Amino acid sequence: MSGNTEVEIIQEEGQSQEELNEQMRVRREKLAKLRQLGVQPFGHEYPVDIHSTEIIEGFEKYEGKTVHIAGRMMAMRGHGKTAFINVADELGRIQVYLRKDVLGEAAFEIFDLLDIGDIIGVEGEVFRTQKGEISVRAESFMLLSKSLRPFPEKWHGLKDVETKYRQRYLDLIMHQEVKDRFKLRSRILSAIRNILEEDGYLEVETPTLHPIAGGAAAARPFVTHHNALDMSLYMRIAPELYLKRLVVGGLERVYELGKNFRNEGISIKHNPEFTTVEMYRAYANYEDMIELTEAVVSGTAQRVLGTQKIVYEGTEIDLTTPWRRMTMEEAVLEYGKVEFSKVTTIEEARKLAKEKNVTIEKHWGIGGILNAFFEEFCEAHLIQPTVIIGHPKEISPLAKSNEENPERTDRFEAFIYGREIANGFSELNDPIDQKERFQAQCDQRDSGDDEAHMMDEDFVTALEFGLPPTGGLGIGIDRLIMFLTDASSIRDILFFPHMRHK
């Protein structure tokens, strides 16, 4: 190499196609030259025995020792017969120092054909440069994979947000903090599993393809077709009804952490496929599940972050338990200034909606209108963790009726920063009542509500064999991870979020 100018990563975004094609042509010419020199540009295994940050953090232990590292070349600068490169691996970056008199003419001829983005393996001695930078003095190197495309500009990274999501691999290459966020996601999932299993819950797997779209109200499914059986199937909107079948079968504490699918809108809070954890506990009720929600959320924060006080979008949120509790009617009264407890007819409810400019559907009853008021006036105010109880039966087809007020259910939703984070209830275990509620949902579908629940005769049959009193709970994993990683968009905590076609 010659000259003292650092070779910077080429910016792909904003370039003309001609410029991009020229850079790709040059890289392919180098590829051909490497092959002429007998170099395999797409190599095999390499005996990596340490990562960059391990060397840097444990320098006193590794100084003077020979190590084998591998990673992607992210910067290079030359001084005639010497060169410095930065090698990035999974954990970070480290400088590598190369000398022609150590490596030899042939090796430096190969080195001159390398580009930013190439993946190499380096064997060398750990040392500190005169400027104090911990480095590896190369004794040999090996090309492991030739990069045939130029990378986004080094200092500014990916400017186009859509490129970050469509080509997540580039985002991961350019930004260590992105790697760290997804590693934190993995730790969060592990913490949730550990908390549940320590409490006696058994992880299970239930079908993803369902003959009936069930387990959640107000959810539109994806529909597919099984050719061999010649039948329509639905991507699951929730695993609830299958998990409760397992409780019927005698598994007293079960949970499933996995993907659900809903054919609905996309936003910073919604993705067509998303991750939840649902758990069911025999002989428990919704109050037990409220306590479990608090334990899972606050416990996960403590295990992963070492604190129960987090900052999300500049707002401090205290996850310390117990959380505030209030009924849906109390919330509407506090934030919407409407006393729904005095509403006794559907006409009164519709009149209130008109007065308050709350949009409602013609097939909704008082309970559905109450929920519309809650969504309109209350949710945005629930910044600190808040548990809402007293949901109307109309919007809770799978929840047990409250003994004191049969039009309300023993159900709760937990909110943080104005967003629902969990939903749970005392499960309805009366098969006759369940079938009647399914039928009411079917009537709503006939009236035009295509998100109402379908009839599930097989589930009713399972209930007829006897479901013990059961508490159930679902927690939105993606939203929880957003809070714990301070991610503004769900796309930032999904490796491959769904995007429109270009």
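Starting from 0.36 nm per residue, how many nanometres of slack lie between Q176 and K502 once their C-alpha separation is accounted for? The partial results should precede the final answer.
Working: separation 326, 0.36 × 326 = 117.36 nm, distance 2.70 nm.
The span from Q176 to K502 would gain 114.7 nm if fully extended.
Please give the peptides 175-181, 478-484, 115-121 ranked by average Cβ packing (other Cβ atoms within 10 Å per residue), highest first, as a rough proxy for protection. Each step should come with its number before you reach the end.
Values: 175-181: 14.6, 478-484: 23.0, 115-121: 20.1.
Ranked from most to least packed, the peptides come out as 478-484, 115-121, 175-181.
Can you give the FRET efficiency for S186 and E19, using 1/(1 + (r/R0)^6), R0 = 51 Å, r = Cβ-Cβ distance, to the nearest 0.05?
Efficiency at R0 = 51 Å is approximately 0.85.
How large is log10 I(q)/I(0) at q = 0.08, 0.10, 0.11 Å⁻¹ when the Debye formula is applied to the Cα atoms of the chain, each weighted equally and without solvent?
For the chain at q = 0.08, 0.10, 0.11 Å⁻¹, log10 I(q)/I(0) is -0.66, -0.88, -0.97.
Using Cβ contacts closer than 10 Å as the measure, can you line up C378, C442 from fewest to most?
Fewest to most other Cβ atoms nearby, the residues stand as C442, C378.
Please give the residues of the range 344-363, grouped as numeric ranges, whose backbone N is less than 17 Å from a label point set 7 Å along the Cα-to-Cβ vector of E407.
In the range 344-363, the label zone of E407 (backbone N under 17 Å from the point 7 Å along Cα→Cβ) covers 344-353, 363.
If you wrap a convex hull around the Cα atoms of the range 284-349, how much volume per residue is inside, in Å³?
Once divided by residue count, the hull of the range 284-349 is 133 Å³.
Assuming 0.36 nm per residue, please report the length gained on full extension of the stretch A228 to V311 beyond their Cα-Cα distance.
24.7 nm
Beta carbons within 10 angstrom, averaged per residue: use that to sort the peptides 259-269, 78-88, highest first. Before the final figure, lay out the partial values.
Working: 259-269: 15.2, 78-88: 17.9.
Per-residue mean Cβ counts within 10 Å order the peptides as 78-88, 259-269.
Working from the alpha-carbon coordinates of the range 27-103, get Rg over Rh, Rh being the Kirkwood radius.
Details: Rg = 14.5 Å, Rh = 14.4 Å.
Computed over Cα atoms, the ratio is 1.01.
How far apart, in nm, are two points set 7 Å out from the Cα along the Cα-to-Cβ line at A107 and at R28?
Between A107 and R28, the simple spin-label model gives 3.2 nm.
Pairs K81/K164; K354/K393; K179/K269: which exceed 28 Å Cα-Cα?
Working: K81/K164 38 Å; K354/K393 23 Å; K179/K269 21 Å.
Cα-Cα > 28 Å for K81/K164; rest within.
Divide, for the range 76-172, the radius of gyration over alpha carbons by 2.2 N^0.38 Å, where N is the residue count.
1.20
To the nearest 500 deg cm²/dmol, what mean residue ellipticity at 222 nm is calculated for the chain from DSSP H runs of n ≥ 4 alone, each contributing -39,500 (n - 2.57), summed and divided by the residues?
-10000 deg cm²/dmol
Sort 61-67, 273-279 for me by packing, meaning the mean count of neighbouring Cβ atoms within 10 Å per residue, highest on top.
In decreasing order of mean packing, 61-67, 273-279 become 273-279, 61-67.
Would you work out which of A284, P385, S186 lies farthest towards the positive end of the dipole of the chain? Charges go on Cβ: Lys and Arg +1, Asp and Glu -1.
Result: S186, furthest along the dipole toward the positive end.
Calculate, for T321 and E375, the FRET efficiency according to 1/(1 + (r/R0)^6) with r their C-beta to C-beta distance and R0 22 Å; round to the nearest 0.05. Before the final figure, lay out each step's value.
Numbers: r = 26 Å, r/R0 = 1.16.
With a Förster radius of 22 Å, E is 0.30.
Compute the Rg/Rh shape ratio of the range 119-198: radius of gyration over Kirkwood radius, all on alpha-carbon atoms.
1.12
With no solvent and one point on each alpha carbon, what is the Debye value of log10 I(q)/I(0) for the range 17-156 at q = 0.16 Å⁻¹?
-0.84
For Y169 paired with Q36, estimate the spin-label separation in nm (one decimal), with each label point 7 Å from Cα along the Cα-to-Cβ line.
2.8
At R0 = 45 Å, how high is the FRET efficiency between F59 and I268 if r is their beta carbon distance? Nearest 0.05 is fine.
Step by step, r from the Cβ atoms, then E = 0.60.
Need one number: nm distance between label points at H44 and R445, each 7 Å from Cα along Cα→Cβ, rounded to one decimal.
Once both label points are built, they end up 5.8 nm from each other.
Distance check, please: which entries in K309/K342; K100/K131; K244/K502; K337/K362 exceed 30 angstrom between their Cα atoms?
Exceeds cut-off: K309/K342; K244/K502.
Taken together, the values in this text are just the output of simple stated rules run on the coordinates, not laboratory data. This structure is a prediction, so every number in the text was calculated from the model and none was measured. Cβ sites come from the backbone with ideal geometry, for glycine too, and all protein chains shown count toward neighbours.
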